[in-house]
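The values are calculated or read from the model by the stated rules, or taken from the named source; none is laboratory data. All figures in this text were calculated on a predicted structure; none of them were measured in a lab. Glycine also receives a Cβ, built like all others from the backbone with ideal geometry; neighbour counts cover every protein chain displayed. Only protein heavy atoms, including side chains, enter the accessible area calculation; ligands, DNA and RNA are left aside. Shrake-Rupley method; radii C 1.70, N 1.55, O 1.52, S 1.80 Å.
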Amino acid sequence: MKKLFLTTILAALALTNIQAQLLYRISGKGLTKPSYIIGTHHLAKVAFIDDIKGAKTALTDAEQVYGELAWDDITSATGMQKMQAAMMLPQGQTLKTILTTEQYQKLDQYLIKTMSVGLSHPQVGAQMLGLKPAALTTQLTLLTYLQHHMGEFDPNNTFDQYFQMTAKKNNEFCGGLETLDEQMKVLFDKPMNRQVDELMCLIDNSDYYAMNMEELTKAFYAQDLGKLQQVSDEKIGGSCDPTAAEEAALIYDRNAAWVKKMPAIMAEKSTFFAVGALHLPGDKGVLHLLKKAGYTVEPYTGNEAPIVAAAGPVANNQNVKAAKKRVEEIYADVFGVYNKVNETQDMNLFSSRSFEQDYCSQVWNNTVAAVLAKNENFFDADYWVMGQDWDNVGIKDVKVSKVSDTVCTATLNLINFGASHPVSLTLVYERGNWFIDNFVDGQGGLNWKENMLNELK
């Protein structure tokens, strides 16, 4: 069942097929090394990681870890303050002022039943009366879970945290697919009447929700994805079920946003992604979206044969010459169009061409797409001409050096408005030819790829 408050706290319980599988390997589409993605249960016991075949192997193979959030952002003083602020009612409001008398009494009786103390208790009142209903729903759901799983959940050593903590011990980078502000908005910025509805749903159907949570948890520990699918698809009826818009905000919109960021992240380093398993399955799930983007996504248990990147040409002197010729041909074509546009003032000439698809690497194009999805105004200059305008543009003095069998660097002087401007390029061999993978402004020091990756962090 996809009851909204339950999936919020357990956004972890879903599947992709009838296999018992939570871990997947991502490869292809120009990746030199595979990446991995695991579906998590945010309240699962850490020891369960030992039961997920291949998890520790994949974590060791990967060079960095990304979660939904960077754990440091959550645990920092600033992060804690943000979370607290997001969970609290506006100044001057309390649960007593936003709930009806009947709703308030119902909440009080529920607390007495589950905690043996009600809102009249000074400590309970101080801790709960200022919370938003959505935040209280989350806390009460957590309390229900803990009552059935005493000793399993350690807030200082969680299932999701394990992956980032392991990476940190290995001096590896840890990042987040979204910001804390973005996640807090999804969880706690719903209309107040909707938050109240969800709180009352929990109270009115507490036995059912507790049973449902147990079924989901048992299915997760059994890695029985078929059972998870069955349970998550149940409906209770009425306002306790999420609307299509609420499901999109909680799951599908975030999936799409993450998949736009993942190509650039994976291209930079082999990455281990750990996200709630509810984000993985279905036509709008992360796994399908990655496949749709051209990647190979397959179950991983640690016993599969390693993926070897396709070999490029032997970068001998002849092939370095071929890379140099390729650079000259690329710029001759690109700048031929630029100069024609300058002569005719016909900007439509650009729309008939796609220089990036023709001449830039797949990684470069994926990174550009991810940046534009986040900030459509990011490119305030043109990396082809290293500026905002051009006149009689061209290049000279192209030099190419070998880095590896599939990577070369090039330097050249860009001629624009009669002045010479040094530029450096990174070239990668893919799709049977050399493609530009980065542009660096040798005069201003602007590294375009580095700037894009910083924008995506």
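Of everything in segment 380-400 that is open to solvent by 50 Å² or more (accessible area, probe 1.4 Å) and either acidic (Asp, Glu) or closer than 21 Å to Ala264 by Cα (or both), the residue that is modelled with the highest pLDDT is Asp397. Among (1) modelled with pLDDT of 95 or more; (2) part of a loop (DSSP other than H, G, I, E, B), there is one condition Gln195 misses while meeting the rest; what is its number? Condition (2) is where Gln195 drops out. Going by what's in this entry, would Gln21 be described as in a helix (DSSP H, G or I) and either surrounded by fewer than 23 Cβ atoms within 10 Å (Cβ to Cβ) or modelled with pLDDT of 95 or more (or both)? So Gln21 does not fit the description; no.
The helices (runs of 4 or more DSSP H) falling completely within segment 121-176 that include 2 or more residues that are open to solvent by 20 Å² or more (accessible area, probe 1.4 Å) and under 25 Å from Asp73 (Cβ atoms) map to 133-148, 159-169. Here is the figure for segment 104-120: residues that are open to solvent by 50 Å² or more (accessible area, probe 1.4 Å) and either farther than 19 Å from Gln147 by Cα or in a helix (DSSP H, G or I) (or both) total 7. Pairing residues of segment 108-134 that are over 23 Å from Met184 (Cα atoms) and modelled with pLDDT under 95 with residues that are open to solvent by 40 Å² or more (accessible area, probe 1.4 Å) and not in a loop (DSSP other than H, G, I, E, B), at Cβ distances under 7 Å and at least 6 apart in sequence or on separate chains, gives Thr114/Leu143; Gly118/Ile112. Tell me, please, whether a residue that is in contact (Cβ under 8 Å) with a residue 60 or more places away in the chain, assigned to a helix (DSSP H, G or I) and among the charged types (D, E, K, R) can be found in segment 205-226. Among the residues of segment 205-226, at least one is in contact (Cβ under 8 Å) with a residue 60 or more places away in the chain, assigned to a helix (DSSP H, G or I) and among the charged types (D, E, K, R), which makes the answer yes. Quick one: is Ala264 within 24 Å of Ile26 (Cβ to Cβ) and either open to solvent by less than 10 Å² (accessible area, probe 1.4 Å) or in contact with a helix residue (DSSP H, G or I) (Cβ under 8 Å, 6 or more places away or on another chain) (or both)? Answer is yes for this residue.
Just one of the listed residues (Ser424, Ser420) is open to solvent by 50 Å² or more (accessible area, probe 1.4 Å), out of contact with any His (no Cβ under 6 Å at 6 or more places or on another chain) and assigned to a strand (DSSP E or B), and it is Ser420. Just to be sure before I move on: is Ala77 of a type in the set (A, V, I, L, M, F, W, C), loosely packed, with under 15 Cβ neighbours inside 10 Å and within 28 Å of Leu142 (Cα to Cα) in the structure I sent? It is true that Ala77 is of a type in the set (A, V, I, L, M, F, W, C), loosely packed, with under 15 Cβ neighbours inside 10 Å and within 28 Å of Leu142 (Cα to Cα).
Restricting attention to segment 311-337, the residues that are under 36 Å from the mean Cα position of the chain (by Cα) and either of a type in the set (Gly, Ala, Ser) or at pLDDT 85 or above (or both) add up to 9. Taken over segment 344-357, residues that are open to solvent by 70 Å² or more (accessible area, probe 1.4 Å) and acidic (Asp, Glu) amount to 0. Scanning segment 406-417 for residues that are assigned to a strand (DSSP E or B) and either buried (at least 18 other Cβ atoms within 10 Å of the Cβ) or hydrophobic (A, V, I, L, M, F, W, C) (or both) returns Val407, Cys408, Ala410, Leu412, Leu414, Ile415, Asn416.
Screening Gly294 with (1) at positive phi; (2) at pLDDT 95 or above gives one miss only, at (2).
If you check Val403, Val368 for being in contact with a helix residue (DSSP H, G or I) (Cβ under 7 Å, 6 or more places away or on another chain), among the β-branched types (Val, Ile, Thr) and either surrounded by fewer than 19 Cβ atoms within 10 Å (Cβ to Cβ) or farther than 23 Å from Asn339 by Cβ (or both), only one passes: Val368.
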